[in-house]
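Reviewing the structure listed below.
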Amino acid sequence: PRARPAPDTLRRARFDRPQASLDFWRLLYTLLKQIHGGKWTESDAIDTQIRFVKSALWYHGYGRPELYRLPSDGSAGSRELLLAFSWLLHRLGLLEQLLARNRVKTGDETSVCACEDDLRNSQKGTTEIEPEYELEDRVDVRHLQWLNGRLRFQWRSLHAQHQEQCRLLHKIHLFTSGSHMDQILGHFSVTETDLVRQPENYKQLLQLLESETMQLEAFLAWKHLEPVYWQWMETVLDNIAEEGNMCESHDAHVEKSRLPKVTSYCPWADSLTGQIDRLSRDLMTLHDQLQKLVTHRKAAWCEKMKTRGEELQKEGFSATARKIQESVELKLLDLAYLCAPKRNKMHGSCRLVFRSKHPASKTGFARSVSKEPVSAVSATEVIRELRVREASLQRELKQLQEECRQRLDEIAEGLDGVICISP
């Protein structure tokens, strides 16, 4: 990491001193920019930095509304920023991601992932709180279509560039085959080939490796002291809770006192009674909302069942049974794919190794995190996994398209004087 908070900054942020706010905004801006792979400079305007930090935290699901209410000039909120920084450390593995992104790549590496990420779970809660600087006007659909077309064009360009990179990489591996001292690899990487052609560049590489070593040593020191940091953060949370209770007790005393005069000798009694009253009101409100929700859901379900029964009578039982059977078969195929025995999920950074006749290098990929031959995975295995995943996504896409088409047909039937032609 290129930036780190000073101990004095952390101490000031614990007591919510405004002097530490700007330092924390710049720190979060620097760290989050590195994670998202964007370009940044220290001369960026502070409002731009704050806007980006709020957007990034909202994207990652940070749900504390006090942060999004902070002023855009960075004049306050150092303790809220300390909480956000600690949340990033715990939730996202901030330091691990930074080390992975800033790692010096001496070999030809690529990322392989055959895991099925559940977007519903990963994005759960990210839409509950929206930053106050979001656009209120609706976006034109034609503009969205233009953005979609531009994204498709850039994706195709990126794919073509990636294919060209693979072709050139294959040439380097082929021409340098048998030149490496490591018999498992047998060929040079792009970095090693560049060092052979220009030996004077080794000084810059050595400096990068020394910098990475210093970062790894600092990370190890942090792991030893991490329990102390979280204990200290517990005291910060205790301070926030105490201040919140003091504010609540003060408000309750100013508004109305529900206890007799005898309770004036107990400072905590007003606060406790006020909390009990608020909890009682909240419980009654939730009870009424649940009753309304249950009634609404029950009525909607009865209406849905009635409509479904009429559809079954119109369409016929055979057609409905055929659709149900097809849906069940698709679900069973996905279930068999997910629950297949001895199925190893491929995930992580791998080093590309050229396939040769040597018995020790018959794989297209070699794990960079381990030197065991068991951890190697061939390119054919990756292609097979990706094709299975592609087929599963294609089936899901067709099912969603069919549901959308049926929904559009239902909407079109209710429109008078409109003729809709399906694509």
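The values are calculated or read from the model by the stated rules, or taken from the named source; none is laboratory data. These numbers come from a predicted model, not from an experiment. Cβ: placed from backbone, ideal geometry, glycine included. Neighbour counts: every protein chain shown. Just so you know, the surface numbers come from the protein's heavy atoms only, side chains and all, with ligands and any DNA or RNA stripped out. Shrake-Rupley method; radii C 1.70, N 1.55, O 1.52, S 1.80 Å.
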Given a Förster distance of 22 Å, the FRET efficiency implied by the Cβ-Cβ spacing of GLU413 and ARG387, rounded to the nearest 0.05, works out to 0.05
Here, MET284 and ASP47, labelled 7 Å along Cα→Cβ, have an inter-label distance in nm of 4.6 nm
Expressed in square angstrom to the nearest 10, the accessible area of SER75 with a 1.4 Å probe stands at 60 Å²
If the chain between SER157 and ARG395 were fully extended at 0.36 nm per residue, the gain over the current Cα-Cα distance would be 83.0 nm
Taking r as the C-beta separation of ALA379 and MET181 and R0 as 25 Å, the FRET efficiency to the nearest 0.05 is 0.55
Accessible-area order for MET284, MET181, largest to smallest, probe 1.4 angstrom, reads MET181, MET284
At R0 = 51 Å the Cβ-Cβ FRET efficiency linking ARG91 and HIS170, nearest 0.05, sits at 0.80
Given unit charges at Cβ for Lys, Arg (+) and Asp, Glu (-), the dipole magnitude of region 1-102 about its Cα centre in debye, nearest 20, is 180 debye
For region 1-102 the mean separation of alpha carbon contacts under 8 Å (6+ apart) over residue count, i.e. relative contact order in percent, is 40 percent
Note: LYS39 to VAL196 extended length (0.36 nm per residue) minus current alpha-carbon separation gives 53.4 nm
Of the listed pairs LYS105/LYS171; LYS39/LYS105; LYS33/LYS54; LYS33/LYS171; LYS33/LYS105, those with alpha carbons more than 23 Å apart are LYS33/LYS171
Expressed per residue, the solvent accessible area of region 1-94 in Å² (1.4 Å probe) is about 50 Å²
Ignoring ligands and nucleic acids, LYS331 exposes an accessible area, probe 1.4 Å, in Å² to the nearest 10, of 120 Å²
For region 221-227, Karplus-derived ³J(HN,Hα) couplings (6.51, -1.76, 1.60; θ = phi - 60°; whole Hz; x for glycine and proline) come out as 5, 5, 4, 6, 9, 4, x
Ranking ALA218, THR193, GLN231 by how far each Cα lies towards the positive end of the charge dipole of region 130-235 (+1 on Lys and Arg Cβ, -1 on Asp and Glu Cβ), the top one is THR193
Per the rule of 0.36 nm per residue minus the C-alpha distance, extending ALA100 to GLU212 adds in nm 39.3 nm
With a ≥ b ≥ c from the Cα gyration tensor eigenvalues, square-rooted, and the rule rounded for a/c under 1.5, otherwise prolate when a/b > b/c and oblate otherwise, region 1-102 is rounded
